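Asker: Here it is, the structure in full.
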Amino acid sequence: MRPAEAERIARDLYGLAVTISALPGERDCNFRLRTADAPGVDAPAAATREFVLKVHDVAVDAESTDCLVSVLDHLAEQDPALPVPRLFPTQQGDAAGRFSSEGVDYSTCLVSFLPGRLLAALPPSTALLQNLGATLARVDRALQGFFHPSLTRRLAWDVRHLSELAQFSGSIQSAALRDAVDRVSSTFRTCLPRLRGLRSQAIHGDCHAANLLVDADGQSICGILDFGDMIHAPRIFEPAVAMSELLTEAVSPFNSVAAVLRGYVQSQTLQADEVELLFDIVTARHAVTLLVHAWRRDNDPPGARVLDEAAVHSARSLEWLLNSDRGALTRAWHEAAGTLPVHMSLAVPTAGRFDAAHPDLAQADAAHPDTAPPGTAHSDAALAVNLARRHRLMGAGAELFYEKPLHLVRGAGVWLYDAQGRAYLDVYNNVPHVGHAHPTVVAAIQRQTATLATHTRYLHENILQYAEQLTARLPAHLDACIFVNSGSEANDVAWRIAQMATGHRGGLVMDHAYHGITEAVAALTPGVGKPRDPRVATLAPPPRHARVSVGMAGTELDAAAQDADRAIARLAEGGFGPAAFFVDSSLTSSGVFDPPAAWGAAVTARVRAAGGLIVADEVQYGLGRSGSHLWGFERRGLRPDIVTMGKPVGNGYPMGVVVASRGLIEAFQAAYGFFSTFGGNAVAAAAGLAVLEVLDHEQLMANAAATGGYLREQLESVAARHECLGEVYGAGLLLGLDVLGRDAAQAKLRNKRILNALATESRILIGYEGPQASILKLRPPMPFRREHADRLIQAIDAAATTVDSHDI
């Protein structure tokens, strides 16, 4: 059809005076329409300047227009914010237009023109590929329940028809390539029975780089085009086709396409049997491309030229796939999808940056279904059964978060998933420091577990490399390590070292401090603000207004020093000298304080004068959480004698570290001959090394600074709008938000309401902190980014609005 004819259709059917340019299309005619105004179209002014007119020959493809109308209506109803075209009616109000020209009947659709750059025009980042996967999952979620008869039509691009296309392999000119395609076709034929047993639904089915638009920043997919190749097929075809097309179009390197899976599983679960067939589906799609190109070269030369470049890349990538380690590649895809079967070999290859935690959620709820999936009643019953079992087997006092307990089964990045596959944004757990199930850490643990897992009474390079890398990041006087299994054990050992070194038996801690669960350090964890052990005295927290960026007045510093003197005097009254001052370097349990270095200097000077050591407890802080310093004690301006670390340094693998001077550690070893069977084993060391690698490679400390600063600004903004919200405390990715009330009881109640509302209504997990349990504690894994912060802010805003409006 000529542009002049399309211009007449736009005028007669849609009342548009436009300029026309042709757009590519495989089976239909497409035209881009530009107009300054559009009086015949009922749409916002900003959306009426550019359109796409799609024209179908009714005799050739009678159902295509009806299917397009139906699916666009369905998507607009299920997810209005999806970045897909929107449909505009004719002047008569019909969803589709009809006209005849030279004895041929045509149907038309007018849809919005989506701005953006084609994905084919730029090399995508891992984050963009992950966002692509998340967007595809969002489309598939919206398509659930949709059906149209045309979805069962036979399309050459549907890989299930590969065996029929294989008859044209003789048209492939290269003998080697022809043989490769035949082998793929033969193998794929045996997969068909298994494919028919997979979960199926309506899918887009053709998300290649020329059908996807990217926003100006190159960070997210802002448009999905061309629903003309939709089919009813196994759901796994959606990410598989995208992954295959990224390779056949040479848009993405081989080691990056797994990011599509990581993004997809943020809101659409995949099953192991689906991922197990992914290699066959991807290679089959390559074979289809080569066979369609070969057939067109013999029968449709202009159509073949459209595929010339894709055929070259497809041949190259198919050769790579067939020569690769299929098992290793499939394991990597299982890892990306979170479906790694237990029986599989443990050496999982990984590459690139871990962005499984970062689906683009700025546009809509890609990882947060608004309604529970079918089977919710059953899941509630199962929850009740499991809760009863827990009480019977673990005791009714075993602590659980939230009023409605969560049954979690999987984690990835900053996301946790329940038994129904629903995603929860994790803004609480510091133990998976570089993200839940980070592939680099998982692979390191798996490789080492499969090789050797034993204690440190044998020589092993892993633990030496880790100790070297760890101490290289610490002040020079902290040059030797003792390895244990947890932060509690690390603090226990530090407590013993301090008593040995000083000859004293007293301890100093902050009000409401937490340092562990062993009997020894339980004494260093006062309850309700008061020590339970006469050997321990507490110090008051710094003033709330004291911040690193603000400073403290001289009178306030004098008061802090005098408070330390009083605590030391209280110990002396009981006959104890101070062995050590234990300080959680992020001051979390006391209420998330962030005082300047002068505060720490004033307090520790008094402790040292009384003969005590300084122990910096870095367990909650982890590594680089403030964004400004790798260590919390650096931000506090402390020069500790001992530093303790816990499970975050191993990303959750049981690991604790005590670091001090070699002389101090050797004196302790000589006195007690300390040894931990499991502490410092080769697997733990492998995990620790991997965490350091990820921190550096993914620049997570810089992310903590950038995202944490942004999150703090947004929290302060939302707090200013709500009567129930107060100050924001902390720095980087460890922040506290004060919840206010007429009294302490109401503040605590409001805090619980907000915390539980976030969990049940927004699927966001946070904790609480502070002497009155009135501070929302925000302490996510380190890959937490702006899009996650935006989601959190929206949820807090909504929950606080409810609290304010009901005067809870």
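The values are calculated or read from the model by the stated rules, or taken from the named source; none is laboratory data. Here the structure is a predicted model, which is why all the values come from computation and not from measurement. Heads up, the Cβs are rebuilt from the backbone with ideal geometry, glycines too, and the neighbour counts pull from every protein chain shown. Note: accessible area is taken over every heavy atom of the protein model, side chains too, but ligands, DNA and RNA are not part of it. Shrake-Rupley method; radii C 1.70, N 1.55, O 1.52, S 1.80 Å.
Asker: Being among the aromatic types (Phe, Trp, Tyr), in a helix (DSSP H, G or I), touching a Lys or Arg at 6+ places or on another chain (Cβ under 9 Å) and open to solvent by less than 10 Å² (accessible area, probe 1.4 Å), is that true of even one residue in the stretch 627-640?
Answerer: yes
Asker: From the set of residues in the stretch 760-776 that are surrounded by fewer than 23 Cβ atoms within 10 Å (Cβ to Cβ) and among the polar types (S, T, N, Q), which is nearest to residue 717 (Cα to Cα)?
Answerer: So the residue we want is 762.
Asker: Of the residues 262, 297, 353, only one is over 21 Å from residue 195 (Cβ atoms), of a type in the set (D, E, K, R) and either at pLDDT below 90 or in a loop (DSSP other than H, G, I, E, B) (or both); which?
Answerer: Only one candidate qualifies: 353.
Asker: Checking the structure you have, find out if any residue of the stretch 723-746 is more than 30 Å from residue 463 (Cβ to Cβ), in a helix (DSSP H, G or I), touching a residue at least 24 places away in the same chain (Cβ under 8 Å) and among the hydroxyl-bearing types (Ser, Thr, Tyr).
Answerer: no
Asker: If residue 217 satisfies all but one of (1) out of contact with any strand residue (DSSP E or B) (no Cβ under 9 Å at 6 or more places or on another chain); (2) outside any helix (DSSP H, G or I); (3) open to solvent by less than 10 Å² (accessible area, probe 1.4 Å), what's the number of the condition it fails?
Answerer: The one condition residue 217 does not meet is (3).
Asker: Still on this structure, I have one more. Among what's in the stretch 121-154 and is in a helix (DSSP H, G or I) and open to solvent by 60 Å² or more (accessible area, probe 1.4 Å), pick the residue that is modelled with the lowest pLDDT.
Answerer: 121
Asker: Please specify each residue of the stretch 594-614 satisfying the condition of being open to solvent by less than 40 Å² (accessible area, probe 1.4 Å) and assigned to a helix (DSSP H, G or I).
Answerer: Of everything in the stretch 594-614, those that are open to solvent by less than 40 Å² (accessible area, probe 1.4 Å) and assigned to a helix (DSSP H, G or I) turn out to be 599, 600, 602, 603, 604, 607.
Asker: Looking at the stretch 479-530 only, could you name the residues that are basic (Lys, Arg) and assigned to a helix (DSSP H, G or I)?
Answerer: Step one: of the stretch 479-530, the residues basic (Lys, Arg) are 496, 505, 530.
Within the stretch 479-530, 496 is the sole residue that qualifies.
Asker: On to the next question. Taking the stated definitions as given, is residue 393 at pLDDT 50 or above, open to solvent by 80 Å² or more (accessible area, probe 1.4 Å) and of a type in the set (A, V, I, L, M)?
Answerer: For residue 393, the condition - at pLDDT 50 or above, open to solvent by 80 Å² or more (accessible area, probe 1.4 Å) and of a type in the set (A, V, I, L, M) - is met.
Asker: Only one of 471, 449 is touching a Cys at 6+ places or on another chain (Cβ under 8 Å), open to solvent by 20 Å² or more (accessible area, probe 1.4 Å) and not charged (D, E, K, R). Can you tell me which?
Answerer: Of 471, 449, the one residue that is touching a Cys at 6+ places or on another chain (Cβ under 8 Å), open to solvent by 20 Å² or more (accessible area, probe 1.4 Å) and not charged (D, E, K, R) is 471.
Each row is one residue, and each column tells you yes or no for (1) under 30 Å from residue 56 (Cβ atoms); (2) at pLDDT 90 or above; (3) touching a strand residue (DSSP E or B) at 6+ places or on another chain (Cβ under 6 Å).
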| position | (1), (2), (3) |
| --- | --- |
| 160 | yes, yes, no |
| 176 | no, yes, no |
| 187 | no, yes, no |
| 204 | yes, yes, no |
| 209 | yes, no, no |
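Asker: Among the candidates 612, 600, 622, which residue alone is small (Gly, Ala, Ser) and under 27 Å from residue 683 (Cβ atoms)?
Answerer: The conditions single out 622.
Asker: Just give me the residues in the stretch 422-457 being among the small types (Gly, Ala, Ser) and over 12 Å from the mean Cα position of the chain (by Cα), in sequence order. Step through it out loud before you land on a result.
Answerer: Looking only at the stretch 422-457, we keep the residues that are among the small types (Gly, Ala, Ser), and these are 423, 435, 437, 443-444, 450, 453.
443, 444, 450, 453, listed by residue number.
Asker: Let me ask something else. Which ones in the stretch 195-204 are open to solvent by 10 Å² or more (accessible area, probe 1.4 Å) and assigned to a loop (DSSP other than H, G, I, E, B)? Write out each step before concluding.
Answerer: Here is the first cut: in the stretch 195-204, the ones open to solvent by 10 Å² or more (accessible area, probe 1.4 Å) are 196-201.
Selection gives 197, 198, 199.
Asker: Checking the condition closer than 24 Å to residue 264 by Cα, open to solvent by less than 30 Å² (accessible area, probe 1.4 Å), modelled with pLDDT of 90 or more and hydroxyl-bearing (Ser, Thr, Tyr), which residue from 417, 428 passes?
Answerer: Details: 428 fails: open to solvent by less than 30 Å² (accessible area, probe 1.4 Å).
The unique qualifying residue is 417.
Asker: Assuming residue 648 fulfils every condition listed in (1) part of a loop (DSSP other than H, G, I, E, B); (2) within 15 Å of residue 733 (Cβ to Cβ); (3) at pLDDT 95 or above apart from one, which condition is it?
Answerer: Checking residue 648 against (1) part of a loop (DSSP other than H, G, I, E, B); (2) within 15 Å of residue 733 (Cβ to Cβ); (3) at pLDDT 95 or above, the one that fails is (1).
Asker: If residue 472 passes every condition in (1) farther than 20 Å from residue 590 by Cα; (2) touching a residue at least 40 places away in the same chain (Cβ under 8 Å) but one, which one does it miss?
Answerer: Residue 472 satisfies every listed condition except (2).
Asker: Does the stretch 777-794 hold any residues that are assigned to a helix (DSSP H, G or I), open to solvent by 10 Å² or more (accessible area, probe 1.4 Å) and not acidic (Asp, Glu), and which are they? Show your work before the answer.
Answerer: From the stretch 777-794, those assigned to a helix (DSSP H, G or I) are 786-794; that's our starting set.
Imposing the further condition that a residue be open to solvent by 10 Å² or more (accessible area, probe 1.4 Å) reduces the set to 786-787, 790-791, 793-794.
Matches in the stretch 777-794: 786, 791, 793, 794.
Asker: For the stretch 676-708, what are the residues that are of a type in the set (S, T, N, Q), open to solvent by 10 Å² or more (accessible area, probe 1.4 Å) and assigned to a helix (DSSP H, G or I)?
Answerer: Once the filter is applied, which keeps residues that are of a type in the set (S, T, N, Q), open to solvent by 10 Å² or more (accessible area, probe 1.4 Å) and assigned to a helix (DSSP H, G or I), the stretch 676-708 yields only 703.
Asker: Within the stretch 243-254, identify whether any single residue is surrounded by 18 or more Cβ atoms within 10 Å (Cβ to Cβ), under 23 Å from the mean Cα position of the chain (by Cα) and without any contact (Cβ under 8 Å) to a residue 40 or more places away in the chain, and answer yes or no.
Answerer: Yes, because at least one residue in the stretch 243-254 is surrounded by 18 or more Cβ atoms within 10 Å (Cβ to Cβ), under 23 Å from the mean Cα position of the chain (by Cα) and without any contact (Cβ under 8 Å) to a residue 40 or more places away in the chain.
Asker: If you don't mind, there's one more thing I want to ask. Restricting to the stretch 690-716, give me the number of residues that are closer than 13 Å to residue 797 by Cβ, of a type outside the set (A, V, I, L, M) and touching a residue at least 40 places away in the same chain (Cβ under 8 Å).
Answerer: The total comes to 1.
Asker: Given the conditions (1) modelled with pLDDT of 70 or more; (2) open to solvent by less than 30 Å² (accessible area, probe 1.4 Å), report the number of the one that residue 4 does not fulfil.
Answerer: Result: residue 4 passes all but (2).
Asker: Suppose we keep only residues that are loosely packed, with under 13 Cβ neighbours inside 10 Å and of a type in the set (D, E, K, R) within the stretch 77-116. Which one would you say is farthest from residue 146 (Cα to Cα)?
Answerer: 102
Asker: How many of the residues in the stretch 556-591 are open to solvent by 30 Å² or more (accessible area, probe 1.4 Å) and touching a helix residue (DSSP H, G or I) at 6+ places or on another chain (Cβ under 7 Å)?
Answerer: 2
Asker: Moving on to the next point. Restricting attention to the stretch 299-333, which residues are open to solvent by 40 Å² or more (accessible area, probe 1.4 Å) and either under 14 Å from residue 178 (Cβ atoms) or of a type in the set (Ser, Thr, Tyr) (or both)?
Answerer: 319, 322
Asker: For residue 544, indicate whether it is within 14 Å of residue 770 (Cα to Cα) and of a type in the set (Lys, Arg). Step through it out loud before you land on a result.
Answerer: Details: within 14 Å of residue 770 (Cα to Cα): yes; of a type in the set (Lys, Arg): yes.
Answer is yes for this residue.
Asker: Which one is surrounded by the fewest Cβ atoms within 10 Å (Cβ to Cβ), of the residues in the stretch 474-508 that are of a type in the set (A, V, I, L, M) and in contact with a Ser or Thr (Cβ under 9 Å, 6 or more places away or on another chain)?
Answerer: Residues of the stretch 474-508 of a type in the set (A, V, I, L, M): 474, 476, 478, 480, 482, 484, 490, 493-494, 497-498, 500-501, 508.
This time we only want the ones that are in contact with a Ser or Thr (Cβ under 9 Å, 6 or more places away or on another chain), so: 478, 480, 482, 484, 490, 493-494, 508.
Working: 478: 23, 480: 16, 482: 26, 484: 26, 490: 32, 493: 28, 494: 32, 508: 30.
Looking at residues that are of a type in the set (A, V, I, L, M) and in contact with a Ser or Thr (Cβ under 9 Å, 6 or more places away or on another chain), I get 480.
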